[in-house]
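In what follows, a single structure is set out as structure tokens and then discussed.
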Amino acid sequence: MGYTDYIKQMLAPLGIYDLETGVGAEELEVIGEELDKVFYALEEVWREAVLATAQSYGLKKYEEILPYRPAYITAEDERRAVMALLRIRGGCFTLSVLQDTLSGCGITATVEEGSEKMSVVVKFPNSKGIPDGFEKLKARIEEILPCHLNVKYEFIYSAWQIIMDKLNNWAAVERNAKSWREFEIYE
């Protein structure tokens, strides 16, 4: 229901206006349309002002105030990354805080303590092989994580048995995997 219908509904009980014909009805129509425009404009501003619902220029405005630009694919990834970057607090280096902060890089990444002192291992559980744009992603991760930590990266590849079950001869490999990267992440 738009504002025209709302205004007519409010005036109908009075019984003194012709709400369907004439100059008065046209005036209500024009007023209702203008109020609808204001409502939609305010609704968009509200959506973009709140980070949890922002979709376009609102996210860009949030990114402008951050020292890092997250890598992302979808608006949901971008929103999640910006939220994580806004939660960064200097001096808080617990594993759970690092894990949360690392989600500011834009793709799903996990961090865990390494086997050596002062080291962490970063993994990308939802990405097979080395993620696209890894050099930029690596730079971002190393800006986010404390500088005194030695960061190591582990990547997930397809198991040889899975590949051989689906690509049982070299002709199948050449047909389905055009590059080494496609071969090592084949599912």
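Laboratory data are not the source of any read-out in this text; all were calculated from the coordinates shown. The structure presented is a predicted model; accordingly, all values stated were derived computationally and were not measured. In this analysis, Cβ positions are derived from the backbone assuming ideal geometry, glycine residues included, and neighbour counts consider all displayed protein chains.
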Query - Efficiency of FRET from Cβ geometry, Gln161 and Ser119, R₀ 35 Å, rounded to 0.05 - result: 0.70
Query raised in the report: Which distance in nm do the two modelled labels at Thr110 and Glu27 give, with both placed 7 Å along the Cα-to-Cβ direction?
Result: 6.8
Report task. Mind listing the long-range amide H neighbours of Gly114? Cut-off is under 5 Å, sequence gap 5 or more, other chains count too, H placed in the peptide plane at 1.01 Å from N. Result -> Ser119, Val120, Val121
**Report entry** P(r) tail fraction, the stretch 13-60 - alpha-carbon pairs more than 12 Å apart, %
**Finding:** 69
**Report entry** Spin-label model distance (nm) - Glu63 vs Asn168, 7 Å beyond Cα toward Cβ
**Finding:** 4.7
**Report entry** Gain upon complete extension [Asp18, Glu34; 0.36 nm per residue less C-alpha separation]
**Finding:** 3.7 nm
Query - Cα-projected label distance for Thr74 with Asp132, points at 7 Å along beta-carbon direction, nm - result: 1.5
Query - At R0 = 22 Å, FRET efficiency that the Cβ-Cβ distance of Tyr6 and Ser56 yields, to 0.05 - result: 0.15
